[in-house]
Amino acid sequence: MSFDSQSFLDAAVSGTNDTKLIPVPVGEYQAFIDSVEPRQWQSKDGTKSGIALDVLWSIEDQDVKSFLGRDNVKVKQGLMLDLTPTGGLDMSKGKNIGLGRLREAVGKNEPGQAFSFNQLPGLMAKVAVSHRVVNDDVFAEVKGVAKL
């Protein structure tokens, strides 16, 4: 099938589009990691900055997919990362606990086993989904992970 961009732009539709996404219900679900994306952040006043890791989970629950009317149901988990003064991942005691819990849940937290973030996509765990409300919008987010 060839795509004609002009015909696409000229095509008229009737009706309206939804403006709010129905969030994944609060609960625990089997899920796999779809993607991981590091991002830089900075506080509003500019005094703090760092790296966060956004983990996108694909929910594997047919009842949720049916309820939401979507084949692909994704929920984000945000992890703030502790870094060393030179910008590396801080592996010292009491640091990167959220990352440690994620690695433990997917079987990638073994002593002596090399780890990289690129190993995470495709791995499965149980995720705990909660809701965050901003103004009138409700957002689903992963607040915890555990082994299946």
Practice problem: State the number of residues belonging to segment 116-148 that are under 14 Å from L79 (Cβ atoms) and assigned to a loop (DSSP other than H, G, I, E, B). | Solution: 1
Quiz item: Going through segment 97-109 one residue at a time, which ones are over 16 Å from A31 (Cβ atoms) and touching a Lys or Arg at 6+ places or on another chain (Cβ under 9 Å)?
Solution: N109
Quiz item: Name the residues in segment 94-115 that are under 20 Å from V73 (Cβ atoms) and among the small types (G, A, S), would you?
Solution: A105
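Every read-out reported here was derived from the displayed coordinates using simple, explicitly stated rules and does not represent laboratory data. In this text, all values refer to a predicted model and were calculated from it rather than measured experimentally. A quick note on method: Cβ atoms are made from the backbone with ideal geometry, for glycine too, and the neighbour counts reach across all protein chains shown.
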